[in-house]
Every structure is written in structure tokens, then in C-alpha cells.
Amino acid sequence: MEDHSSNERKEISKSLKRFFGVGDFGFNLMTNIETYYFQFFLTDIAKYTIPVVTLIATLTSLVDAALSWVYGVLLNTMKPMKWGRYRSWLAVIPWLVPFLYAFQFIKLNDGAAGIVVIIVATITSHIAWNIPFVANISMINIASKTPDDRMALSSTRAL
């Protein structure tokens with residue numbers, strides 16, 4: 001009979017190794033659609049003027065950049081929910097993202113209200129997708145116990 005010491009750790013599952021990057025695939029898909037299509041939508045479909053498009057793009061980018069350092073702090077300082085510090089954010093927020101994201105690509109009217117809706121939708125969808133994105137990255141150290149496992153999960157995300 002083999003002696004199993006308490007220091008021996010169980011390797012992560014093959015399904016976790018294979019599917020860990022699925023959330024990152026969704027994140028990259030959304031960011032690529034936004035990168036390549038958002039300006040086209042604002043100018044050619046919604047028919048906003050270049051100064052309005054510039055205002056929308058600049059304001060949303062500045063707010064996103066200003067908030068980008070907050071997500072890790074937020075995750076680490078808030079009281080963990082029932083599924084844990086990071087996993088909870090992966091369960092609670094992602095279902096909101098498609099709804100918020102869709103409002104970036106809806107022109108309600110030609111007035112200021114339509115512009116405000118697009119700006120608010122862009123900012124809130126970025127918040128809603130960045131929190132789970134950071135939680136997913138943070139899960140690498142929680143889900144893996146060895147450098148090989150961490151490398152496998154990081155590689156799956158990159159792939």
C-alpha cells in the first residue's frame with residue numbers, strides 16, 4: 001500500500017485544463033467586436049457626427065482606464081460570497097454582460113438621451129465584464145497548486 005503524505009497535492013482535472021479559457025474566449029470576442037465594429041456602428045449605422053463619436057469613445061475609454069486598477073482591489077476587499085472570493089463573481093455577474101453590452105449598439109434617439117444610454121451601457125458593460133475577467137485570472141492561483149498546473153491554466157487562457 002502506498003504512503004500518501006499530507007503534502008501531496010491532487011492534480012487539476014483535465015476538463016479544467018481544457019475549458020479554463022472559455023470565459024476568456026467570450027471576453028476576447030466581445031472586445032474584438034467592440035474594437036472593430038463600435039466606431040462603425042456609431043458613425044455609419046447610428047449616424048452620429050465625428051465629434052459625438054469622439055466624445056463617446058474618449059469618455060468611455062477614460063472611465064474604463066480610470067477604473068481598471070480598481071477591480072482587483074474590489075475583489076480582494078469585499079466580503080466573499082457563498083461560492084468564494086473569486087468564483088462568486090464568475091457566477092453572479094457574467095449573465096448581465098450581454099444585456100449591458102447590447103445597449104452599446106442600440107440607438108434610442110438622436111438626442112442627448114441616446115448618447116447617454118450608449119455611454120452608460122459601454123461603461124457598465126466594461127465593469128461587468130472586467131470584474132469576472134480579473135476573478136478568472138485570480139482563480140489560477142486558487143485552482144492550481146503547482147507551477148505546472150498554473151502554467152497549464154495560463155496557457156489554456158492564452159490559447
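The values are calculated or read from the model by the stated rules, or taken from the named source; none is laboratory data. Everything numeric in this text was worked out from a predicted model, so none of it was measured. Because the Cβ atoms are built from the backbone with ideal geometry, glycine has one as well, and the counts that use them run over all protein chains shown.
Screening Ala143, Ala128, Ala135, Ala113 for residues that are of a type in the set (Gly, Ala, Ser), in contact with a Leu (Cβ under 7 Å, 6 or more places away or on another chain) and over 30 Å from Lys14 (Cβ atoms) leaves exactly one candidate, Ala128. Scan region 121-152 residue by residue and report those that are within 25 Å of Thr77 (Cα to Cα) and over 14 Å from the mean Cα position of the chain (by Cα). Residues satisfying the conditions are Ile140, Asn141, Ile142, Ala143, Ser144, Lys145, Arg150.
Scanning region 108-159 for residues that are under 30 Å from Phe41 (Cα atoms) and among the small types (Gly, Ala, Ser) returns Gly111, Ala112, Ala113, Gly114, Ala121, Ser125, Ala128, Ala158. With the structure loaded, tell me whether Arg18 is closer than 26 Å to Ser144 by Cα, under 23 Å from the mean Cα position of the chain (by Cα) and either surrounded by 15 or more Cβ atoms within 10 Å (Cβ to Cβ) or at pLDDT below 90 (or both) or whether it fails that test. It is true that Arg18 is closer than 26 Å to Ser144 by Cα, under 23 Å from the mean Cα position of the chain (by Cα) and either surrounded by 15 or more Cβ atoms within 10 Å (Cβ to Cβ) or at pLDDT below 90 (or both). So is Val73 under 21 Å from Thr124 (Cβ atoms) and touching a residue at least 60 places away in the same chain (Cβ under 8 Å) or not? Answer is no for this residue.
Do we find that Lys47 is part of a loop (DSSP other than H, G, I, E, B) and on the phi > 0 side of the Ramachandran plot in this structure? Yes; evaluated as a whole, the condition is true for this residue. Checking each residue in region 24-51 for being surrounded by 10 or more Cβ atoms within 10 Å (Cβ to Cβ), under 23 Å from the mean Cα position of the chain (by Cα) and among the aromatic types (Phe, Trp, Tyr) picks out Phe25, Phe27, Tyr37, Phe38, Phe40, Phe41. Would you check if there is a residue in region 61-71 being of a type in the set (A, V, I, L, M, F, W, C) and more than 22 Å from Met30 (Cα to Cα)? No, region 61-71 contains no residue that is of a type in the set (A, V, I, L, M, F, W, C) and more than 22 Å from Met30 (Cα to Cα).
How about region 74-148: which helices (runs of 4 or more DSSP H) wholly inside it have at least 3 residues that are within 21 Å of Thr58 (Cα to Cα) and at pLDDT 95 or above?
Result: 112-143.
Here Phe41 meets the list (1) on the phi > 0 side of the Ramachandran plot; (2) touching a Phe, Trp or Tyr at 6+ places or on another chain (Cβ under 8 Å) almost entirely, failing just condition (1).
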